[in-house]
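S.K.: Quick one: the structure is below, and I'll ask about it shortly.
The values are calculated or read from the model by the stated rules, or taken from the named source; none is laboratory data. These figures come from a predicted structure and were not determined experimentally. Here the Cβ positions follow ideal geometry from the backbone for every residue, glycine too, while neighbour counts run over all protein chains shown.
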4 protein chains.
Amino acid sequence: MARFQPKNPDYRAISIETFEAQRAMTTLGISIARLEPGEVDLAMDYSAAFTQQHGFIHAGVITAGLDNACGIAAFTLMPAGSGILTVEFKTNLLAPARGQRFTFRATVVKPGRTLTVCEARAYAMHDGAETLIATMSGTLMALPPREAAARDGALAAV
Amino acid sequence: MARFQPKNPDYRAISIETFEAQRAMTTLGISIARLEPGEVDLAMDYSAAFTQQHGFIHAGVITAGLDNACGIAAFTLMPAGSGILTVEFKTNLLAPARGQRFTFRATVVKPGRTLTVCEARAYAMHDGAETLIATMSGTLMALPPREAAARDGALAAV
Amino acid sequence: MARFQPKNPDYRAISIETFEAQRAMTTLGISIARLEPGEVDLAMDYSAAFTQQHGFIHAGVITAGLDNACGIAAFTLMPAGSGILTVEFKTNLLAPARGQRFTFRATVVKPGRTLTVCEARAYAMHDGAETLIATMSGTLMALPPREAAARDGALAAV
Amino acid sequence: MARFQPKNPDYRAISIETFEAQRAMTTLGISIARLEPGEVDLAMDYSAAFTQQHGFIHAGVITAGLDNACGIAAFTLMPAGSGILTVEFKTNLLAPARGQRFTFRATVVKPGRTLTVCEARAYAMHDGAETLIATMSGTLMALPPREAAARDGALAAV
C-alpha cells in the first residue's frame, strides 16, 4: 500500500513529462527507474564526461540527481497544474562516487500545501556491490496552477 | 592586501591544475575567472544542454559551479601535496538561473588544518543586469599529503 | 541608507513585541541589540546553565540565537499582520563558544512574498577580542495575516 | 543485532558521562532514553520556559536536542579517549513543537575515523499521538585522544 495518496490522478504522466522536459537530465544520462506517489528512483550510468580529478562522478552531478529525485517525488503529490521549485537542499558526501551505475532514491518526508520536505540517498553500484555515497534533505515549493502558468516557473516573486 | 596567506607558494599553479583535471568542468563549460588566496570566481556560459523544464540552468549545475568554487578557494590555502574532499554543502536557490552567463564566487570563511568552511554565491548576468540566484555554505576537508597520494582521493577511510 | 524598505511602517514595534513574546529568549538571556529593516543583532551574556561538556555555550543555544536573529530580520520586512515560521536552517560551527558575551547578527539575503532567505553569524567576545564562532543560512516563511490569525502559528497546513 | 560494533567496550558509560557533563542538558530537561551503538533517543518534557511566541517549544531548543542526539550517537562509535565536536547540522522544521513530551532520535549514517554523519528526527507526543516535527542531518568530528586531552574540546585548531 502506498504511503501517500496523490491529489492528481494523472500524477504519473505529468511527473514523467516534467522530468523529461529537463534537457539537463538527458545530457547527464539520468532516467526514471521507479515512480510511486511520494517515492522516486532515478538511475544514471557512469560517464567519464562528468568526473572530477580522481575519475569519480562529480559531486555536483550527484547533487543534480538527488535534487531531481526529490523534485519529482514531491511533484507526484501536488495538485494538477502545479509548478514546482526547489527552495533549498543540503548534501552530505559519504564516499567517492565510484561505480558503473548510480541510483538516486527520494522519499517525501512531509508533503504540504506550499512546501514539501524530501530526503534522498545516492548509491553507487561498483562491481556488483552497492554503496551509499551521499544523502540529501531538501525543501520543494508548489506553485499554484495560476501562478505556474503565468510565471512559467520564475522564482522572482516567491 | 590578501585576507589569507597561502601555505603553498605554488598554490596558483596547483589549484588551476586540480581544477582542470576535472572533466566535468570542461563538459559543463566552467572555467576559472579569478583566483586569489581563499577567493575564487568561476564563470560559465549558458548552454541549453544543461537546462531544466523552463529553459533555465538546472539547479544541480549551479550547485556544481558553487561547489567547485568552494573547493578551489579552500584548496588555495592548503599545504603542498594535500588532497581535497567536499564534506557537505547546502544551497539556497533564490531566483531562476536565467541569463547568458553565470558567475560562482566563493570565499573561505574559516580555514583549518583539517576542515575549511566556505561560502559562495551564484550570479546570473541577463541582458546586462546581474542577479544573485543562489547561495552555498560548505565544508571542505584537506587530506594530508601522504594519504592523498595513497588513497588518490578516496573518501572511504575518512 | 537602509538596504530594504519595510512594508509595515510599524515594523519596529511589532518585531520587538514578537521577539519578547518568546519565553525561551528570556530564559536564555537573549535580547535585541540592534534592529533595522532586514538586519538584526541579538546579544546574550555567558551563562553556565547553558554550557556543554567543556564549559562553552552549547551549540543548540548558539543556534537558537542565530535562528531568532534570522526570524526577526525577516519579520521586519513582512506586511502588517503576518505570522512567521522557520522552514529550515543550517549551522556551521567554526570555533568554541567561549566568551563573556555573544552576538547573533542576521541579514536578509532575499526577501520574498512567501519565503525569505537570511544569513547570520555568531560572534564571541572573549577578553575583549571578537571571534566568529558560527554561521547560519536559513529560510523563513510569512504566513498571510488571515492564516496567521486563524492558525496561531501552527505549521500543520503549510 | 546491532548495526554497528563499538570500538570502545566502555562506550556506554563514557557516552552517558559526556552527555551528563553538559549543563545545558540539565537546564533544558533533556535526558537519555535509549542508548545503543550508533543509535540514541533523548527525551524532554514540555517546559513553558523554552517556548516561542505561540507557546510551542522553540526551534533552537528542538535543535539542541537533535544535535545532542547526533553527537552521542556518533560518540558511541569513537575510540576510547576521543573528543567530539559538531561540525555542522541542518534542521528542517515540519510541524509546530506542540506536546507534552518530545523525543530526539539519532542514528549514525556513516561512521568514519575523522568524520561521522548522523541523521535525527524529533517527535512530539501530544495527547497520546506522536508527530514528526523536525529532521536533522549533521556532521560530527572525532578528536584523537591526544588532541582531545590537550585542547579540551577547543575547535580552534581544527
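S.K.: Can you tell me which residue is farthest from A:Y46 (Cα to Cα) among those in the range A:88-116 that are facing another protein chain (nearest Cβ under 10 Å) and in contact with an Asp or Glu (Cβ under 8 Å, 6 or more places away or on another chain)?
M.R.: This residue is A:V109.
S.K.: Scan (1) closer than 19 Å to D:E88 by Cα; (2) in contact (Cβ under 8 Å) with a residue 12 or more places away in the chain; (3) at the interface with chain D (Cβ under 10 Å from one of its Cβ atoms) for the single condition C:G60 breaks and write down its number.
M.R.: The number of the failed condition is (2).
S.K.: On to the next question. Taking the range D:8-53, which residues are more than 14 Å from every other protein chain (Cβ to nearest Cβ), in a loop (DSSP other than H, G, I, E, B) and surrounded by fewer than 20 Cβ atoms within 10 Å (Cβ to Cβ)?
M.R.: Listed by number, the residues that qualify are D:N8, D:P9, D:D10.
S.K.: Determine which member of the set C:L85, C:L93 is of a type in the set (A, V, I, L, M) and over 19 Å from C:G71 (Cα atoms).
M.R.: Of the residues listed, the single one that is of a type in the set (A, V, I, L, M) and over 19 Å from C:G71 (Cα atoms) is C:L93.
S.K.: Moving to a separate point now. If A:M1 meets every condition in (1) at pLDDT 95 or above; (2) more than 14 Å from chain B (Cβ to nearest Cβ) apart from one, which number is that one?
M.R.: Every condition holds for A:M1 apart from (1).
S.K.: Kindly indicate whether A:F50 is closer than 27 Å to D:V117 by Cα and in contact with a His (Cβ under 9 Å, 6 or more places away or on another chain).
M.R.: Yes; evaluated as a whole, the condition is true for this residue.
S.K.: Go through the range B:2-52 residue by residue and tally those that are free of Cβ contacts under 8 Å to residues at least 12 places away in the same chain, farther than 26 Å from B:A124 by Cβ and among the small types (G, A, S).
M.R.: Of the residues in the range B:2-52, 2 are free of Cβ contacts under 8 Å to residues at least 12 places away in the same chain, farther than 26 Å from B:A124 by Cβ and among the small types (G, A, S).
S.K.: Filter the range B:113-135 for residues that are among the small types (G, A, S) and in contact with a strand residue (DSSP E or B) (Cβ under 8 Å, 6 or more places away or on another chain) and give the result.
M.R.: Matches in the range B:113-135: B:A120, B:A122, B:A124, B:A134.
Residue by residue, here is whether (1) hydrophobic (A, V, I, L, M, F, W, C); (2) more than 28 Å from A:T26 (Cα to Cα) holds:
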site	(1), (2)
B:D10	no, yes
B:I14	yes, yes
B:E17	no, yes
B:M25	yes, no
B:I30	yes, no
B:E36	no, yes
B:V40	yes, yes
B:F50	yes, no
B:N68	no, no
